[in-house]
Ligand code: C2E
Ligand code: MG
Ligand code: MG
Ligand code: MG
C-alpha cells in the first residue's frame, strides 16, 4: 500500500509539473504577442532625496495584465523571458516606451530621469547599445535622463562583457545603479572597476526597524561603502516613517518605497509630484 501511494503521489506530482510548464509555455507565447501588440504597460515609482526632498528620478516597472490569465507578476514573467531569450525584446520595448514617456514629460516641463531594469542577457544583445545610442542622441534620453539598474548577479554572470558594455554606455552619459545590493555575490574588485553611480540597498536590509540589532551595523556599513565608492545610496522598500527616519539618521541619501509612493501610472505621477507634499515644489524637476 505504501509503494502504491508513493506511486500515486509521484504521478500527481508529474501531472502538476506538466500543467505548470504548460501554463508557462502558453503564457510565454502570449507574452511575445503582448510585446508585439504593445499590451504591456509601465508604472513609475519615485525616488526621493530624504534630506532636501527633491525628486531624483523614477524607476520604470513593467506590468502585464493578460486578458485571460489576469495580472502576472514581473518576477514571474521576467524570469521566463530571461530563460527563453524573449528578454531582449522585452527590454527594448521598455526602453522605447520609457523614452516616449520621458519626452511627454519634458514637453510638459518636467525633467524626470527614468531608471530601467536590465537583465544579464541584455548586455550581450547586439541591438541594445545601438538602440540606447539612438534614444540618447535622437530621442529624449540625453542629459543623463536614462539610468540602468542591474543586479550584482547579473554583473557577475559575465563581468568582462558587463564591464565592456557598461563602459560603452557610460560614454554616452548613461548612469548605472546596482539593484538589490547585498543579496547577490559581488566581488569588490569588480565593484571598484564598474562605472556605478547609484547603489540600491535591497529591502531585506531595510525592513527591520530594530535599532540595536546587527542589521543596523550592516546597513550603516553598506551606506558607507556606497558613499565611499562615490555612489548615491538609495534604500528600497521603505514602508513607514520610522524606517525613513532611521535611514535619514544613518546618512542614507535617497529612498524608494510604498511609504513614499507606490509604483503608479505616468499621469498619476505628475499629480503626485504636485499634490503629495513629498517633493519640495522648487525641486520638482
Ligand atoms: P526591483 O527592480 O528591485 O524593483 C523593486 C520592486 O519592489 C518592485 O516590484 C516594486 O513594486 C517593489 N516595491 C517598491 N517599494 C516597495 C515597498 O515599500 N515594499 C515592498 N514590499 N515592495 C516594494 P515589481 O514591480 O513587482 O518588480 C519586481 C522585480 O521584477 C523588479 O525588482 C525587477 O527585478 C523585475 N522587473 C520589474 N520590471 C522590470 C522590467 O521592466 N525589466 C526587467 N528586466 N525586470 C523588471
Ligand atoms: Mg530595479
Ligand atoms: Mg531592487
Ligand atoms: Mg528586486
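Derivation of every value follows stated rules applied to the coordinates shown; laboratory data play no part. For clarity, every value in this text was computed on a predicted model and none was experimentally measured. We place every Cβ from the backbone using ideal geometry, glycine too, and count neighbours over all the protein chains shown.
Descriptive notes on the structure:
- The peptide list 22-34, 226-238, put in order of mean Cβ contacts within 10 Å with the highest first, becomes 226-238, 22-34.
- Relative counts (whole %) of C-alpha pair distances in the chain, using bins that are 5 Å wide: 1, 5, 11, 15, 16, 16, 14, 9, 6, 3, 2, 1, 1, 0, 0, 0
- Fraction of antiparallel bridges per DSSP, the range 121-221 only, in percent to nearest 5: 0
- Cα-derived Rg to Rh of the range 147-194, Kirkwood definition: 0.93
- Of all DSSP beta bridges in the range 37-91, antiparallel share, percent nearest 5: 100
- Taking Cα atoms only, the orientation of helix 87-107 departs from the longest principal axis of the chain by about 30 degrees.
- Longest to shortest principal axis, alpha-carbon extents of the range 31-187, angstrom: 42, 39, 33
- Here the relative contact order of the chain, from alpha carbon pairs under 8 Å that lie six or more residues apart, stands at 19 percent.
- Overall Cα dimensions of the range 38-117 - principal axes, largest extent first, Å: 42, 27, 23
- Kirkwood-Stokes translational diffusion coefficient of the range 158-255, alpha-carbon pairs, 37 °C, 0.692 mPa s, µm²/s: 232
- Cβ-derived FRET efficiency at R0 25 Å, residue 100 paired with residue 278, nearest 0.05: 0.50
- Between the Cα long axis of helix 128-137 and the first principal axis of the chain there is an angle of about 30°, rounded to the nearest 10.
- Judged by the mean number of other Cβ atoms found within 10 Å, the most tightly packed of the peptides 119-126, 92-99 leads the ranking 92-99, 119-126.
- A convex hull fitted around the alpha carbon atoms of the range 109-153 yields 67 Å³ per residue.
- Where both bridge residues fall in the chain, DSSP classifies roughly 40% of the beta bridges as antiparallel.
- For the chain, the longest principal axis of the alpha carbon atoms and the long axis of helix 2-36 meet at an angle near 50°.
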